[in-house]
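Notes for the one structure printed next.
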Amino acid sequence: MTKNNSVLKWLEEMKDLVVPDQVVWIDGSEEQLRRLREESCATGEMIALNQEKLPGCYLHRTKENDVARVEARTFICSRREEDAGPTNNWREPQETYRMLYDIARGSYRGRTMYVIPYSMGPVGSPFSKIGYELTDSIYVVLNMAIMTRVGTAVEEALGDSEDWVRGLHCSCEVDAEKRYICHFPEDNTIISVNSAYGGNVLLGKKCFALRIASYLGRNEGWMAEHMLILGIENPQGEVKYVTAAFPSACGKTNLAMLIPPEGYRAKGYKVWTVGDDIAWMRPGPDGRLWAVNPENGFFGVAPGTNQKSNPNALATTQKGTIFTNVVHNLDDNTVWWEGLDKNPPENAIDWKGNPWNGKTSTEKGAHPNSRFTAPAKNCPCISKEFDSGKGVPISAIIFGGRRAQTTPLVYQSRSWEHGVFVGSIMASETTAAATGAVGVVRRDPMAMLPFCGYHMGDYFGHWIDMGRKLGDKAPKIFNVNWFRVDEEGKFIWPGFGDNLRVLEWILARCDGEVDAEETPIGYVPHSKDINLEGLDFTQEQLEDILAIDKEKWMQEAKGIEEFYGKFGGKLPKELREQLHTLEENLK
Ligand code: OXD
Ligand code: MN
């Protein structure tokens, strides 16, 4: 337990508010975590799985009304509404504290308050930041102990500093009508009530490491981004690192744990995972941009994870993992989810807790957003730099989305500012698979739309400023699209491990080793420069997915114009100029 006065004072206030029966301080020891696991199994909150097949693994089911992040009930409570911007929900802070305190008041009666000191980033690294989360849920404690670094070492690193993030979580009645996930960036505070689902209650993740951290990063000159971090080792043993941002359902965790195609493996290529969701980046002593993954585990979507799509993720979940809302296979006390294999269990319990037969049931057994919380160190391809507090130097930043037609397989921006433009226009669309028809385009700049803790116009401005600071040491910025479809709506590019072929081109561009074609949207590869060796894929097919259709891009420019309208006077003039350049180039 800490002697830090600012922590103790806040803790007393919160205790008076929520009135716990007892307070348990999380020290991070295995012994304490073991006792908590036992207790949660005794109460039925968690189910211990087959300890021979899945050692240290547990299953948890949330309430049916509490299965995902709730963007409509997520608020940025800055003093001025305009500081939250047009893409966030805003609430006035004083009134919101009052409302939340009314909900929280007395809600720990009959319950235990767990005090979790946690570090986002390796303990003591200059990149890292510390938070305290108070929770009445053992599930939250056990998840936080996987997703972050927790315990006494964190408190020692904090010392008597007042620079830490306050987090209060109250499960209350898990009442969806009174659910609020509120951020007070100006007070370094997060309050989450009436939820017990990961994304809403593991306050270190989206709430702190993205929403609060993006705000801190702007004030302090660094960047908190919704990006994976990946190391690519060439046959000479040199490792180059890239970060990548994608909207959901674009295979971010798969890319973060990519397995090189056969031919590449034979030559000695290797891929190393540093992070699958969040990157904190700052200029290093050498002037380059360096990144750490502030998390300590993976909170991955289970459905669709299998031996083919992501064997590394699957291997990561085979020990010390908490599964949430997946199928419970009663025959051998293990877990299953849609897309794991073609052999669903017949004697099972679905995510809602009802008997379920995978051969006859017409309903899904696992919730589509069911999750695994797995320690990063389990991952077979975890980078040896994962725990290094100095981070990894970033050569390229990659944006992407799911576009049926408009966007080519890959293109490079002409400059940092153009790259910021490319990130700001990121979008995904739904495709009607059978017809190849184009669905609704949803813009998600830098995949940060739900995660930016302040006005997105200012956020774009911060990106432009960071580029000025980095100058010619700035990473190069690219955009990829693995999802172009043919007339029948089938994906053309094979994706998965073969995406390394595109990453190879990206790194070659960073090193100035290949030319590219200048097009109205940026630099596109000459088809001969993407290695297709060992792949059943023709040069014509490649040319097809590298092609740029000016008509479609004119349409796109109109969509961007409309989207940019939201940001009013806060849109940096550099982005407006980039849009103008695009329009001119298309003429
Ligand atoms: C996540 C998300 O869970 O981005 O990582 O929604
Ligand atoms: Mn994410």
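Worth pointing out:
- Of the solvent-accessible surface of the chain, computed with a 1.4 Å probe and all protein chains present, 48% belongs to carbon and sulfur.
- Note on region 1-53: dipole from Cβ charges, positive end direction compared against Val7, Ser40, Val24; the farthest Cα belongs to Val7.
- In region 476-587, the inverse of the mean reciprocal separation of distinct Cα atoms equals 16.1 Å; this is its Kirkwood hydrodynamic radius.
- Region 331-439: proportion of alpha-carbon pairs further apart than 23 angstrom, %: 63 percent
- The residues of region 1-94 expose on average 56 square angstrom of accessible surface per residue, using a 1.4 Å probe on protein heavy atoms.
- 1.4 Å probe accessible area per residue over region 472-527, in Å²: 41 Å²
- Within the chain, percent of DSSP bridges classed antiparallel, to nearest 5: 65 percent
- Calculated log₁₀ intensity ratio I(q)/I(0) where the Debye formula runs over C-alpha points of region 540-582, q = 0.26, 0.29 Å⁻¹: -0.90, -1.01
- Relative intensity of the chain on a log10 scale, I(q)/I(0) at q = 0.11 Å⁻¹, equals -1.06, per a Debye sum over C-alpha point scatterers of equal strength in the absence of solvent.
- Debye-sum result for region 1-148 in log10 I(q)/I(0), which assumes one identical scatterer on each alpha carbon, at q = 0.19 Å⁻¹: -1.41
- Here region 233-341 is assigned +1 on the Cβ of each Lys and Arg and -1 on the Cβ of each Asp and Glu. Its dipole about the Cα centre then comes out at about 440 debye.
- Using C-alpha pairs below 8 Å separated by at least 6 residues, the relative contact order for the chain is 14 percent.
- Within straight-line reach of Lys9, meaning a Cα separation under 13 Å, sit the following aspartates and glutamates at least 8 residues removed in sequence or on another chain: Asp160, Glu162.
- The mean accessible area for residues of region 239-341, using a 1.4 Å probe and ignoring ligands and nucleic acids, is 32 Å² per residue.
- Distance violations [Cα-Cα > 24 Å] among Lys63/Lys364; Lys205/Lys390; Lys63/Lys178; Lys206/Lys558; Lys63/Lys205: Lys206/Lys558
- The listed peptides 440-448, 140-148, ordered by packing as a protection proxy, come out as 140-148, 440-448 (highest mean of other Cβ atoms within 10 Å first).
- Whole-Å semi-axes of region 214-333's equivalent ellipsoid (Cα gyration tensor): 29, 22, 11
- When the Cα positions of Ser415, Tyr180, Leu210 are compared along the charge dipole of the chain, Tyr180 comes out farthest toward the positive end, with charges on each C-beta of Lys, Arg, Asp and Glu.
- Remark: region 284-406 carries a charge dipole of roughly 380 debye about the Cα centre, counting +1 on each Lys and Arg Cβ and -1 on each Asp and Glu Cβ.
- Fraction of the pair-distance distribution of region 275-337 above 15 Å, Cα-Cα pairs, percent: 63 percent
- Expected 222 nm ellipticity per residue - DSSP helices of 4 or more, -39500 (n - 2.57), all of the chain, to 500: -8000 deg cm²/dmol
- Net charge dipole size for region 205-265 [Lys, Arg +1 and Asp, Glu -1 on Cβ; Debye, nearest 20]: 320 debye
The values are calculated or read from the model by the stated rules, or taken from the named source; none is laboratory data. What you see is a predicted model; the values in this text were computed from it and never measured. A quick note on method: Cβ atoms are made from the backbone with ideal geometry, for glycine too, and the neighbour counts reach across all protein chains shown. All accessible areas refer to the heavy atoms of the entire protein, side chains included, with ligands and DNA or RNA removed. Shrake-Rupley method; radii C 1.70, N 1.55, O 1.52, S 1.80 Å.
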